[in-house]
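To start, the structure itself, in structure tokens.
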Amino acid sequence: MVYIKRDIEEKIISLTQEYACILITGPRQVGKTTMLRQLMSQERNYVTLDDMEERKLAKTDPALFLQMHDLPVFIDEVQYAPELFSYIKIAVDNGAAPGSFWLTGSQAFRMMELAQESLAGRAAVLHMPSLSQHEIYGSGENKPFSLGLDALKARGNSGTPAALDGIYQRIWKGSLPGYISGKYTDRDVFYSSYLQTYIDRDVSEQVLLTDKLLFQDFIRAAACRAGQMLNIHDIAQDVGVSDDTAKRWLQVLEKSDIIFYLRPYSNNLLKRTIKTPKLYFFDTGLVAYLTRYSSPEILQNGAMNGAILENYVVAEIRKSYQNAGQDCLLWYYRDKNSNEIDLVIESDGQLHPLEIKRSVNPGSELTGVFSVLDKGSVPRGTGAVICMRSKLSAVSAENFIVPVWML
């Protein structure tokens with residue numbers, strides 16, 4: 001197995017010099033533990049709460065647990081013992097040295113709730129995504145995606161070009177380190193095991209499941225709608241559950257980082273905008289597995305080729321911000337006149353509209369819809385069409401054409 005260097009490493013190292021506690025959240029099996037064990041020095045102690053004896057001690061006597069493990073310490077899967085947080089808070093308040101606590105957990109929402117209750121202002125919280133395209137195929141330093149010309153040129157120099165076939169191979173293979181690193185070579189067995197572990201360990205902790213296969217069918221029904229506006233009733237009907245159950249199960253998928261939403265952009269001057277969010281998965285390989293595409297070639301020509309490409313692009317842009325430790329304001333736009341913009345990045349007081357197309361030669365008319373944003377109160381900045389073009393190009397001075405491989 002080859003270790004793949006993570007873009008978020010530099011941020012963790014720098015924050016360790018400043019904060020007594022670093023909390024890393026993220027989906028299951030994205031490499032949090034592997035990365036931190038790669039980074040940790042010999043004097044740092046490691047303990048995982050997957051160990052039932054350690055978990056029992058941490059829950060029943062958290063003070064003794066912390067006495068048993070000298071600082072600096074790396075506590076893995078800390079969400080299993082929320083009782084530790086108030087004691088870590090006391091240690092930090094009593095002057096624990098920078099880098100004393102490294103914590104990880106795979107249930108981001110729950111972890112954030114605990115951190116905000118007990119460690120607000122005392123911990124640096126980072127969200128670690130699955131492998132980015134830059135980490136797998138690129139080189140050099142990660143930068144959050146932006147539409148400055150110099151920034152785009154720099155991305156062109158750090159990425160590895162790929163044509164249509166190559167992009168769909170990246171989409172189909174996904175972004176989970178266990179498979180990408182070569183540790184596991186049978187993709188179907190890998191994703192099947194991933195789903196089983198996820199349902200058995202994460203889902204079963206949050207909801208009472210009488211039929212685990214039904215929940216797996218539910219995830220599959222959601223995957224069939226990746227990159228589309230959320231329709232809870234349609235998903236519920238596909239599986240044969242109530243709308244309330246579907247809504248509750250979607251909340252579980254979001255809380256455990258399997259899915260995320262893109263909210264519609266609106267402000268008080270844009271009256272006719274749609275309010276429904278769009279649904280995306282954190283990993284396109286999981287979507288391809290769930291929707292039973294057996295090869296990149298079949299996926300490339302299948303009914304989902306446009307939606308899964310959009311999912312891939314949105315996820316990659318989101319990762320570029322997460323790996324820099326930055327929040328990102330990402331939206332989509334759609335109004336009741338059917339004007340739609342696939343992605344809107346709000347940055348530095350401007351809105352940057354993006355269209356995502358499978359075409360190699362997208363027409364200049366695609367950027368015409370961008371002008372609908374001019375009716376709002378936030379000025380429109382540079383836009384782009386993200387597509388299969390081989391090189392960076394431009395429609396005009398205000399709108400670039402950006403290859404997918406450059407993300």
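Return the residues of segment 368-407 that are over 29 Å from Gly140 (Cβ atoms) and outside any loop (DSSP other than H, G, I, E, B); say none if nothing qualifies. Matches in segment 368-407: Gly368, Val369, Phe370, Ser371, Val372, Leu373, Asp374, Lys375, Arg380.
Looking only at segment 44-58, residues that are modelled with pLDDT under 95 and over 28 Å from the mean Cα position of the chain (by Cα) come to 0 in all. For segment 248-258, indicate whether the set of residues that are farther than 17 Å from Tyr333 by Cα, crowded, with 20+ Cβ neighbours inside 10 Å and in contact with a Leu (Cβ under 9 Å, 6 or more places away or on another chain) is non-empty. Among the residues of segment 248-258, at least one is farther than 17 Å from Tyr333 by Cα, crowded, with 20+ Cβ neighbours inside 10 Å and in contact with a Leu (Cβ under 9 Å, 6 or more places away or on another chain), which makes the answer yes. Is there a residue in segment 10-25 that is closer than 25 Å to Gln196 by Cα, of a type outside the set (Val, Ile, Thr) and either crowded, with 17+ Cβ neighbours inside 10 Å or touching a Lys or Arg at 6+ places or on another chain (Cβ under 9 Å) (or both)? Within segment 10-25 (the criterion being closer than 25 Å to Gln196 by Cα, of a type outside the set (Val, Ile, Thr) and either crowded, with 17+ Cβ neighbours inside 10 Å or touching a Lys or Arg at 6+ places or on another chain (Cβ under 9 Å) (or both)), the answer is no, since none of the residues qualifies. In segment 240-256, the residues that are touching a residue at least 60 places away in the same chain (Cβ under 8 Å) reach residues that are of a type in the set (Gly, Ala, Ser) with C-beta atoms within less than 8 angstrom, at least six apart or across chains, in these pairs: Lys255/Ala108; Ser256/Ser106; Ser256/Ala108.
Of the residues in segment 115-137, at least one is β-branched (Val, Ile, Thr) and modelled with pLDDT of 95 or more.
Taking the criterion of being outside the structural domain of Phe190 (by TED's automatic domain parsing), over 30 Å from Tyr194 (Cα atoms), out of contact with any Phe, Trp or Tyr (no Cβ under 8 Å at 6 or more places or on another chain) and assigned to a helix (DSSP H, G or I), would at least one residue in segment 41-50 satisfy it? No, every residue in segment 41-50 fails to be outside the structural domain of Phe190 (by TED's automatic domain parsing), over 30 Å from Tyr194 (Cα atoms), out of contact with any Phe, Trp or Tyr (no Cβ under 8 Å at 6 or more places or on another chain) and assigned to a helix (DSSP H, G or I). Total residues in segment 234-275 satisfying the condition of being within 25 Å of the chain's Cα centre (by Cα) and not charged (D, E, K, R): the figure is 19. Residues in segment 322-357 that are of a type in the set (Ser, Thr, Tyr) and either part of a strand (DSSP E or B) or in contact with a Pro (Cβ under 6 Å, 6 or more places away or on another chain) (or both): Tyr332, Tyr333, Ser347. Of all the criteria given as (1) surrounded by fewer than 17 Cβ atoms within 10 Å (Cβ to Cβ); (2) modelled with pLDDT of 95 or more, the one not satisfied by Phe282 is (1). Being under 30 Å from Ser320 (Cα atoms), of a type outside the set (Gly, Ala, Ser) and either surrounded by fewer than 22 Cβ atoms within 10 Å (Cβ to Cβ) or in contact (Cβ under 8 Å) with a residue 12 or more places away in the chain (or both) holds for only one residue in Leu39, Leu84, Leu66, Leu57, and it is Leu39.
The residues of segment 1-40 that are hydrophobic (A, V, I, L, M, F, W, C), in a loop (DSSP other than H, G, I, E, B) and in contact with a Ser or Thr (Cβ under 7 Å, 6 or more places away or on another chain), listed by number, are Met1, Val2, Ile4, Ala20, Val30. What are the pairs, 6+ residues apart or on separate chains, where a residue within segment 325-336 that is touching a residue at least 12 places away in the same chain (Cβ under 8 Å) has its Cβ under 8 Å from a residue that is part of a loop (DSSP other than H, G, I, E, B) and among the β-branched types (Val, Ile, Thr)? Note: pairs meeting the criteria are Gly325/Ile8; Arg334/Ile274; Asp335/Ile274; Lys336/Ile274. Return the residue satisfying two criteria in turn: it lies in segment 97-114 and is part of a loop (DSSP other than H, G, I, E, B), crowded, with 21+ Cβ neighbours inside 10 Å and on the phi < 0 side of the Ramachandran plot, and of such residues it is modelled with the lowest pLDDT. In this case the residue turns out to be Gln107. Considering only residues in segment 158-189 that are β-branched (Val, Ile, Thr) and touching a residue at least 12 places away in the same chain (Cβ under 8 Å), the one that is surrounded by the most Cβ atoms within 10 Å (Cβ to Cβ) turns out to be Ile171.
The values are calculated or read from the model by the stated rules, or taken from the named source; none is laboratory data. Just so you know, these numbers come straight off a predicted model, no measurement behind them. Positions of Cβ are backbone-derived with ideal geometry, glycine not excepted, and every protein chain shown enters the neighbour counts.
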